[in-house]
1. So which of LYS103/LYS149; LYS45/LYS248; LYS149/LYS248; LYS149/LYS215; LYS45/LYS215; LYS118/LYS248 end up more than 26 Å apart by C-alpha?
2. Can you list the HN-Hα couplings for the stretch 179-188, worked out from phi with the Karplus curve (6.51, -1.76, 1.60; θ = phi - 60°), rounded to whole Hz and with x for Gly and Pro?
3. Which of GLY162, GLY80, GLY32 moves most in a GNM of the chain, Cα contacts under 10 Å?
4. Mind pulling the angle between the C-alpha long axis of helix 229-243 and the longest principal axis of the chain? Nearest 10 degrees, somewhere in 0 to 90.
5. List, in order, the whole-Hz ³J(HN,Hα) value for each residue of the stretch 143-156 obtained from phi through the Karplus relation with A = 6.51, B = -1.76, C = 1.60 and θ = phi - 60°; use x for Gly and Pro.
6. Give the aspartates and glutamates reachable from LYS188 as a straight Cα distance under 20 Å; neighbours fewer than 8 places away on the same chain don't count.
7. Please turn the phi angles of the stretch 35-51 into ³J(HN,Hα) values with the Karplus equation 6.51 cos²θ - 1.76 cosθ + 1.60 (θ = phi - 60°), one per residue in order, whole Hz, x for glycine and proline.
8. Which residues among the stretch 5-28 fall inside the zone where the amide N is under 13 Å from a point 7 Å beyond the Cα of LEU226, along Cα→Cβ?
Amino acid sequence: MKIRVIGVHNLETANTRHTCFLVDGVLAVDAGSLATSLPQTELAKIRAILLTHAHFDHCRDLPTIGLAIVERSHQIDVYGLQETLESVRTHLMDGIVYPDLTKALRDASARYQFHPVKAMQPIPVLDYHIRAIPARHPVPAVGYIIWNKDGMSMAYTGDTSGDLLPFFQDPHAPRVLFVDVNFPNRLKSLAELVGHLTPALLAQQLRHALDIGVKLPRIVPVHLGLQYHEELAMELSAEADRLGIELKPGQEDMLVE
């Protein structure tokens with residue numbers, strides 16, 4: 001399993017991208033910066049996309065990707081909560097802002113096939129299995145655990161201020177967990193209000209897991225608040241020292257195997 005980290009931030013600029021991932025070149029997790037980061041030849045190889053929720057920075061590039069493959073013979077399967085898929089269809093690909101790419105466009109067939117997922121129920125996707133893990137966020141949201149037949153696995157929390165134990169205690173517990181850390185510790189109240197973690201809130205959950213004997217995977221903080229990047233790096237380093245683990249922030253274009 002080869003994981004390409006497309007972006008690790010909450011904002012896209014000339015040097016940063018929205019948080020999203022590409023597994024083995026065929027399975028994408030969120031779609032906020034896929035089209036602005038990949039050439040058309042690589043976009044055409046994507047066969048499925050997992051959406052964590054409907055916020056713009058996580059689904060923005062769906063219309064662009066669909067139009068980029070409009071002359072291809074295959075559809076892309078899109079998975080997400082029913083509420084997420086309905087929001088995308090109602091507010092993004094609504095036939096006004098962008099065409100509804102779940103329907104045929106003149107001579108071209110539908111580009112997307114939507115598949116609702118239910119939390120905690122494993123389903124097959126391509127050559128993988130996935131499980132949606134509930135997330136605490138202002139809109140319906142999940143994270144995902146993804147594993148293949150060789151037992152390799154990864155997970156992403158999506159945007160959340162919720163419990164991480166389900167990721168650690170899953171039968172297919174990931175070897176790497178990409179976790180949302182958007183705000184510095186001084187903005188704890190705001191982070192909890194809008195459904196994100198801080199370094200200290202993350203550390204509390206990791207300490208609890210260690211105290212009950214849970215083996216932690218590699219933890220990679222992502223969805224980093226762009227304006228707080230240096231502050232987050234320092235606070236994560238301090239928490240890592242206290243816990244005796246590694247908490248290095250993710251980087252754009254990093255590869256994990």
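No lab work stands behind these numbers, since they all come straight from the coordinates. Keep in mind that this is a model prediction, so the values were computed, not measured. Glycine also receives a Cβ, built like all others from the backbone with ideal geometry; neighbour counts cover every protein chain displayed.
1. Among LYS103/LYS149; LYS45/LYS248; LYS149/LYS248; LYS149/LYS215; LYS45/LYS215; LYS118/LYS248, the Cα-Cα distance tops 26 Å for LYS103/LYS149; LYS45/LYS248; LYS149/LYS248; LYS45/LYS215; LYS118/LYS248.
2. Karplus values, whole Hz, x for Gly and Pro: 10, 5, 9, 8, 10, x, 4, 5, 10, 4.
3. Maximum fluctuation in the GNM of the chain, among the listed residues, is at GLY162.
4. 50 degrees
5. Couplings: x, 9, 9, 10, 9, 10, 5, 8, x, 7, 8, 9, 8, 9 Hz.
6. ASP159, ASP163, ASP180, GLU230, GLU231, GLU235, GLU239
7. Ordered by residue, 3J(HN,Hα) equals 5, 7, 10, 10, x, 4, 4, 7, 4, 5, 8, 5, 10, 8, 10, 9, 9 Hz.
8. Answer for this model: 8-19.
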